[in-house]
Amino acid sequence: MSDLIEARDGKAVPPSTPEPARVATVAPQGRTLLVPYLTAGLTEDWTDYLLAVQAAGADAIEVGLPFSDPMLDGATIQQASDRALARGVTVASILQDLSRVRPQVRVPLIAFTYANLVFRPGAPEFCRRLAEAGVRGLIVPDLPLDEAAAVERAAAEAGVDLTLLVAPVTTDERLAEIVSRSRGYVYAISRMGTTGERAALASSAADLAARIKAAQQRSAPSHAASSAAPSATTSLAAPSRVESPAATAAGRNGASGARLPVLVGFGVSGPEQAVEAGRAGDGVVVGSALMRRVLDGATPADLGAEVAAMRAALDRADQEASADHASYAEISGHRG
Amino acid sequence: MPTLMREPAAGRFGDFGGRFVPESLVPACDALAAAFQDAWADPAFRAELDDLLAVYAGRPTPLTPARTLSAALGVELLLKREDLAHTGSHKINNVLGQGLLARRMCKRRIIAETGAGQHGVAAATAAALLGLEATIFMGERDIERQRLNVLRMTTLGATVVPVTTGSRTLKDATNEAMRAWVADVDGAHFLLGSVGGPHPYPWMVRELQRVIGEEARAQSPYVPDVVVACVGGGSNAAGTFAGFADTAARLVGVEAAGGAAMSSGRPGVVHGARSMVLQDAEGQVAEAESIAAGLDYPGIGPEHAFLGAAGRAEYHAVKDDEVIAAVRRLARDEGIICALESAHAVAWVLREAGGPLLPAGSRIVLTLSGRGDKDMATLEATA
Ligand SMILES: Cc1ncc(COP(=O)(O)O)c(C=O)c1O
């Protein structure tokens with residue numbers, strides 16, 4: 001438990017050491033990560049939304065490659081996928097669009113799509129195409145651990161991080177395996193259900209994020225030994241938190257810095273829920289809440305404002321946590 | 001081929017099958033596989049199911065010689081009469097088994113997808129009998145063309161949820177049923193209607209339909225030259241084939257030309273399994289197009305993909321107009337109005353009898369998977 005508290009506290013303290021080169025593209029470190037999801041190709045100018053969201057403070061962006069049968073998506077992303085496909089977009093056209101804006105993209109892009117689109121051209125070819133377009137991570141929600149080996153290999157060879165998902169019902173044994181094999185980050189599915197906006201964040205979100213972090217702590221020594229290379233690309237910021245002075249002062253060595261960020265997603269709606277989810281994990285993925293706005297006619301600037309509001313809420317929460325931590329340290333006599 | 005139509009190791013039939021589901025469904029699939037394995041090996045479970053199949057579903061169904069057609073075509077044609085089972089199709093075999101299993105697993109509710117509505121009606125029936133709630137997902141387009149079955153389902157107390165996304169047919173109803181399952185894995189059993197889906201479904205549903213083939217084998221005076229059945233997802237065919245896989249009989253599955261995953265599809269992953277799938281060059285799943293709602297599906301069960309690749313079974317396709325002609329011919333010649341789905345098997349026999357695929361004198365067992373009451377409006381529209 002104390003490990004968890006330290007990781008929590010670590011988040012609030014900006015890192016004093018410069019980031020290693022491999023994470024240099026991830027903007028500010030040591031804050032709760034905000035990762036918006038966008039359905040690619042939804043509109044002609046969809047990359048403008050991508051750039052607007054980046055400018056508004058996204059730490060990475062999940063790019064949904066629309067699939068005809070999005071089994072794990074709720075009504076909003078289904079609708080966005082259907083609309084994009086009806087416009088005639090393809091994986092190839094989307095990757096072309098991304099290649100075009102690549103010079104302006106500074107945050108990691110992670111493709112989110114379904115297994116059949118990966119297997120049709122073959123996983124090695126698919127991953128190579130992603131890498132060529134500058135996409136650095138891949139999430140395939142209908143590819144559980146047991147079926148993932150071939151894609152894991154192909155992704156690693158192409159230099160793409162294959163991020164695996166953990167669900168509230170995942171057993172401890174599987175969770176440990178997923179944590180050790182996931183790359184880039186660990187995706188915590190906040191609730192038993194599809195993507196889509198909800199009135200409240202499920203209580204399962206915090207429980208699951210805590211279980212993942214506990215598993216990461218348990219596996220830290222062996223994980224660190226085997227993880228000199230595991231996340232060469234997407235590499236979001238959680239390691240910086242545990243490498244922060246708070247963590248090292250608490251006696252943890254740099255090896256545990258290999259801990260991947262835990263991102264909480266599925267149904268996270270609005271700034272309050274983002275803060276709550278971000279508090280549970282190391283960051284939050286927001287999809288349907290944003291795509292709903294785009295479907296309703298939001299412009300790139302509108303969407304940027306939406307993301308900026310979430311970013312501001314997360315920053316405020318980070319600051320409050322930091323202040324709380326300082327006063328806690330004073331009272332308890334601990335040096336945090 | 002020692003493993004032919006036995007329990008597949010890790011849910012794999014050669015290169016096909018597997019379990020391509022969200023992590024959220026993995027424990028439920030594991031639990032289901034374990035529960036079915038346990039139940040299927042339990043004599044008490046088997047006895048309870050056999051009893052229901054006999055006293056409730058009306059099994060065994062007869063094997064009827066099609067005398068007029070046989071004489072006209074120069075073949076010996078025996079019809080396995082699943083149209084005479086309770087609810088009017090072979091789907092009852094599967095739902096009684098899964099219904100008992102759901103109860104054994106202490107589920108309070110079943111979720112099902114349906115195309116023609118035959119599986120939906122069967123699922124609603126099993127739910128009524130066994131005291132379970134039923135939520136049935138059905139494409140809007142199928143609701144329009146299979147009204148009678150919608151009324152049957154609601155009369156049985158089921159909730160029918162229209163699916164308005166995609167092609168508004170079976171494919172989309174299946175997506176929606178799986179989404180509903182993710183949201184209620186503890187309380188609900190997903191009562192899948194065919195031999196597709198993630199492990200253990202292809203194996204479990206084939207085992208529950210095995211009764212068709214085993215009865216036919218025992219009823220037939222000889223081992224036939226050819227065993228033929230229509231194929232949507234492939235459950236009546238799989239159940240039929242299971243009774244003859246270890247004989248010299250040729251196994252023939254007949255698909256709708258507009259939904260012919262075996263002849264026109266490519267390997268792919270849809271609805272949780274790797275199998276043959278109608279899809280475009282980049283992997284978007286294509287929309288099937290068939291007059292028979294129950295065959296209007298772009299995939300096929302993975303064991304069929306395996307049997308086809310291994311050369312143990314062959315798959316052919318027939319067109320809508322051949323199917324309509326087959327319904328009429330069977331009705332006039334034999335006094336049996338079969339379902340549009342089942343008529344695909346009949347149409348293939350009508351087309352090929354006397355030709356190289358089905359030489360004169362061939363002895364044929366054909367599974368008539370269901371009855372045609374539900375299709376009268378469609379038939380009227382084509383008159
Ligand atoms: C009468 C009948 N036959 C066949 C099928 C196709 O299913 P399967 O290929 O699983 O037997 C259906 C499906 O709805 C049906 O209603």
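Looking across the range A:166-178, the residues that are outside any loop (DSSP other than H, G, I, E, B) and either surrounded by fewer than 24 Cβ atoms within 10 Å (Cβ to Cβ) or basic (Lys, Arg) (or both) come down to A:Asp172, A:Glu173, A:Arg174, A:Leu175, A:Ala176, A:Glu177, A:Ile178. The set of residues in the range B:352-376 that are touching a helix residue (DSSP H, G or I) at 6+ places or on another chain (Cβ under 7 Å) and within 20 Å of B:Gly294 (Cβ to Cβ) comprises B:Leu366, B:Thr367, B:Leu368, B:Ser369, B:Gly370, B:Arg371, B:Gly372, B:Asp373, B:Lys374, B:Asp375. Can you work out which of the residues in the range B:362-372 that are surrounded by fewer than 24 Cβ atoms within 10 Å (Cβ to Cβ) and not in a strand (DSSP E or B) is nearest to the ligand (Cβ to nearest atom)? Once the filter is applied, the top-ranked residue is B:Gly372. Looking for something touching a Leu at 6+ places or on another chain (Cβ under 6 Å), assigned to a loop (DSSP other than H, G, I, E, B) and surrounded by fewer than 22 Cβ atoms within 10 Å (Cβ to Cβ) - is there at least one such residue anywhere in the range B:168-180? So far as the range B:168-180 goes, no, none of its residues is touching a Leu at 6+ places or on another chain (Cβ under 6 Å), assigned to a loop (DSSP other than H, G, I, E, B) and surrounded by fewer than 22 Cβ atoms within 10 Å (Cβ to Cβ).
Which of the residues that make up the range B:271-296 are within 21 Å of B:Phe190 (Cα to Cα) and within 12 Å of chain A (Cβ to nearest Cβ)?
Those that are within 21 Å of B:Phe190 (Cα to Cα) and within 12 Å of chain A (Cβ to nearest Cβ): B:His271, B:Gly272, B:Ala273, B:Arg274, B:Ser275.
Restricting attention to the range B:290-333, the residues that are more than 19 Å from the chain's Cα centre (by Cα) and part of a helix (DSSP H, G or I) add up to 12. Sub-7 Å Cβ pairs linking a first residue in the range B:135-150 that is closer than 16 Å to B:Ser167 by Cα to a second residue that is assigned to a strand (DSSP E or B) and polar (S, T, N, Q), at least 6 apart or interchain, are B:Met138/B:Thr114, ordered by first then second residue. Test B:Ser263 against the criterion of being more than 12 Å from the chain's Cα centre (by Cα), on the phi < 0 side of the Ramachandran plot and modelled with pLDDT under 95, and give yes or no. When the stated conditions are applied, B:Ser263 passes them. Per the conditions (1) more than 16 Å from the chain's Cα centre (by Cα); (2) over 25 Å from B:Leu25 (Cβ atoms); (3) open to solvent by less than 20 Å² (accessible area, probe 1.4 Å), the sole criterion not satisfied by B:Ile337 is (3). Just wondering, is there one or more residues in the range B:353-361 that are under 21 Å from B:His86 (Cβ atoms) and either away from the ligand (no atom under 16 Å from the Cβ) or part of a helix (DSSP H, G or I) (or both)? No, the conditions are met nowhere in the range B:353-361. The set of residues in the range B:252-284 that are in contact with a Phe, Trp or Tyr (Cβ under 8 Å, 6 or more places away or on another chain), β-branched (Val, Ile, Thr) and closer than 21 Å to A:Phe119 by Cβ contains only B:Val269.
The set of residues from the range B:289-307 being within 14 Å of the ligand (Cβ to nearest atom) and either open to solvent by 10 Å² or more (accessible area, probe 1.4 Å) or among the β-branched types (Val, Ile, Thr) (or both) comprises B:Ile291, B:Gly294, B:Tyr297, B:Ile300, B:Glu303. Scanning the range B:2-24 for residues that are in contact (Cβ under 8 Å) with a residue 60 or more places away in the chain and within 9 Å of another protein chain (Cβ to nearest Cβ), we see that the one that is farthest from the chain's Cα centre (by Cα) is B:Ser24.
Looking at the structure I just gave you, is B:Leu101 among the hydrophobic types (A, V, I, L, M, F, W, C), over 20 Å from B:Gln209 (Cβ atoms) and under 22 Å from the mean Cα position of the chain (by Cα)? So B:Leu101 fails the test.
Counting only strands (runs of 3 or more DSSP E) that sit wholly inside the range B:198-277, those with at least 3 residues that are closer than 25 Å to B:Arg19 by Cβ, touching a residue at least 12 places away in the same chain (Cβ under 8 Å) and open to solvent by 10 Å² or more (accessible area, probe 1.4 Å) are B:266-270. Inspect all residues belonging to the range B:278-288 and state whether any of them is crowded, with 20+ Cβ neighbours inside 10 Å, within 13 Å of the ligand (Cβ to nearest atom), not basic (Lys, Arg) and not assigned by TED's automatic domain parsing to the domain that holds B:Met178. Taking every residue of the range B:278-288 in turn, at least one turns out to be crowded, with 20+ Cβ neighbours inside 10 Å, within 13 Å of the ligand (Cβ to nearest atom), not basic (Lys, Arg) and not assigned by TED's automatic domain parsing to the domain that holds B:Met178.
Checked against the criterion of being within 16 Å of the ligand (Cβ to nearest atom), open to solvent by less than 10 Å² (accessible area, probe 1.4 Å) and free of Cβ contacts under 8 Å to residues at least 40 places away in the same chain, the candidates B:Val318, B:Val323, B:Val346 yield just one match: B:Val346. Scanning the range B:4-21 for residues that are crowded, with 18+ Cβ neighbours inside 10 Å and assigned to a loop (DSSP other than H, G, I, E, B) yields B:Met5, B:Pro8, B:Gly18, B:Arg19, B:Phe20, B:Val21.
The values are calculated or read from the model by the stated rules, or taken from the named source; none is laboratory data. What you see is a predicted model; the values in this text were computed from it and never measured. Glycine gets a Cβ as well: all are built from the backbone with ideal geometry, and neighbour counts include every protein chain shown. Side chains included, ligands, DNA and RNA excluded: accessible areas come from the protein's heavy atoms. Shrake-Rupley method; radii C 1.70, N 1.55, O 1.52, S 1.80 Å.
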